[in-house]
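Heads up: the structure comes next, in structure tokens.
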Amino acid sequence: MTPETRRQKIESYGNAYSVLTDALKQFPKEMWQFRDEHGCWSIHEHIIHITDSEANSYIRARRLIAEPGRTLMDYDENQWATALDYHDQDIDDTLNLFKWLRGKSYTLIKSLPESAWANTAYHPENGDTSLDDWLDTYEAHVREHVEYMQQNLEAWQAAQ
């Protein structure tokens with residue numbers, strides 16, 4: 001990845017909280033618990049997942065920077081959603097935690113030396129993963145879930 005492309009991705013990464021909260025305004029609160037007939041996650045569950053993923057991202061970035069070559073933690077996101085009863089978790093607390101976690105990582109990565117971006121660690125599902133790979137994944141994560149939320153809205157509207 002070129003330094004200019006990386007800089008753009010870092011800025012996009014840093015704007016994720018605003019992207020998420022702006023997107024949430026389009027979804028009526030009364031449909032946030034709705035699941036389509038396929039049982040896909042509700043908007044509420046997507047929000048909790050985004051923050052749990054961000055907590056993992058926070059640790060993964062720091063491991064990539066401070067302990068390259070080590071193993072990154074994987075997790076079963078569907079098991080987390082069930083075992084942690086995502087529907088029973090508070091959205092406001094979750095959004096505040098996401099904002100804090102993303103902000104701390106954004107502040108950290110925007111000042112890293114160029115050499116740090118080549119650091120790698122082993123991910124049990126993805127193999128060797130660089131810090132650039134990490135940035136690619138998490139820069140896109142919120143937008144991907146907003147797209148899923150849009151699909152939830154369309155399914156909810158069709159069911160009305």
In the range 54-63, is there at least one residue being closer than 30 Å to PRO3 by Cβ, over 14 Å from the mean Cα position of the chain (by Cα) and open to solvent by less than 70 Å² (accessible area, probe 1.4 Å)? yes
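Taking THR107, is it of a type in the set (Val, Ile, Thr) and surrounded by fewer than 11 Cβ atoms within 10 Å (Cβ to Cβ)? Talk me through it step by step, then tell me what you get.
Values: of a type in the set (Val, Ile, Thr): yes; surrounded by fewer than 11 Cβ atoms within 10 Å (Cβ to Cβ): yes.
Criteria met by THR107.
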Give the residue that is nearest to GLU77 (Cα to Cα), with candidates limited to residues of the range 4-33 that are open to solvent by 50 Å² or more (accessible area, probe 1.4 Å) and in contact with a Ser or Thr (Cβ under 9 Å, 6 or more places away or on another chain). GLN33
Residue that is surrounded by the most Cβ atoms within 10 Å (Cβ to Cβ) [pool: residues in the range 110-149 that are free of Cβ contacts under 8 Å to residues at least 12 places away in the same chain and under 29 Å from GLU30 (Cα atoms)]: ALA140
Residues of the range 69-104 being open to solvent by 90 Å² or more (accessible area, probe 1.4 Å) and not in a helix (DSSP H, G or I), in sequence order, are ARG70, MET73
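The values are calculated or read from the model by the stated rules, or taken from the named source; none is laboratory data. Every value quoted in this text rests on a predicted model; they were computed, and no experiment measured them. Positions of Cβ are backbone-derived with ideal geometry, glycine not excepted, and every protein chain shown enters the neighbour counts. The area values use the complete protein model at the heavy-atom level, side chains included, leaving out ligands, DNA and RNA. Shrake-Rupley method; radii C 1.70, N 1.55, O 1.52, S 1.80 Å.
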